[in-house]
Amino acid sequence: MPLLTLVSVWIVALSLPLVVLWSSWRQRSSGLDVRVPVPGTSGSARPVARSGGRRSAQLSGGAHIQSAPLLNVSEQSVFERLSVLLHGTGFQATPSVRLLDFLDVGGNDRASESLRYRLMGHVDVLIVDRQYRPVVALEIDGPSHTLPRQVRRDRVKNEALAAAGIPLLRIPALGRRTGQDLDRQLAPFLVVR
């Protein structure tokens, strides 16, 4: 094979991945969605819309799915305050932690299974120590926490955390003003063990 042909093939082989990456970036930055295979389905998601950085798609079964912010405005406010408050203390704040990630419900009986099902939710923020042990859980309670169904869920969460010896601090949701006195509220819990 002549040298010129080998060099041409080599240049094409090296530039092809760059063209594919550039094309993919160009589609994403222009607001066009790219079809992405969805695990467990026979095809790919059909793009529906994209606005404000959120992607939305219709799955092959007809259901719609889209990305959503991890925290609402009140939760963001608390988390930002915690980032400053906990800086350099050895404690860390972790948002939206599933209860069953840090609560161990033993047993295989019906009561244990029922409790595991009822604890499928999360806490809004979990503060952990240097060994990643739970120190205190925070719930930012908005208006929905007065609804009977949510009151029942909160009761189960309250009892489970109390039984595990993890304090729970409930903070009223006040938008950007949420958690203005966090330093005072958290002081009893942020003691190095």
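Values quoted throughout were computed directly from the atomic coordinates according to the rules given, and no laboratory measurement underlies them. Just so we're clear, the structure is a prediction, and the values are computed from it rather than from any experiment. A quick note on method: Cβ atoms are made from the backbone with ideal geometry, for glycine too, and the neighbour counts reach across all protein chains shown.
Points to keep in mind about this one:
- The packing ranking of peptides 113-122, 166-175, highest mean first, is 166-175, 113-122, where packing means the average number of other beta carbon atoms within 10 angstrom of each residue.
- Segment Ala162-Gln92, length gained on full extension (0.36 nm per residue, minus Cα span): 23.1 nm
- With a simple spin-label model that places each label point 7 Å from the Cα along the Cα-to-Cβ direction, the separation between Leu71 and Leu147 comes to 2.4 nm.
- Evaluated at q = 0.19, 0.23 Å⁻¹, a Debye calculation over the C-alpha positions of region 73-186 (equal weights, vacuum) places log10 I(q)/I(0) at -1.02, -1.37.
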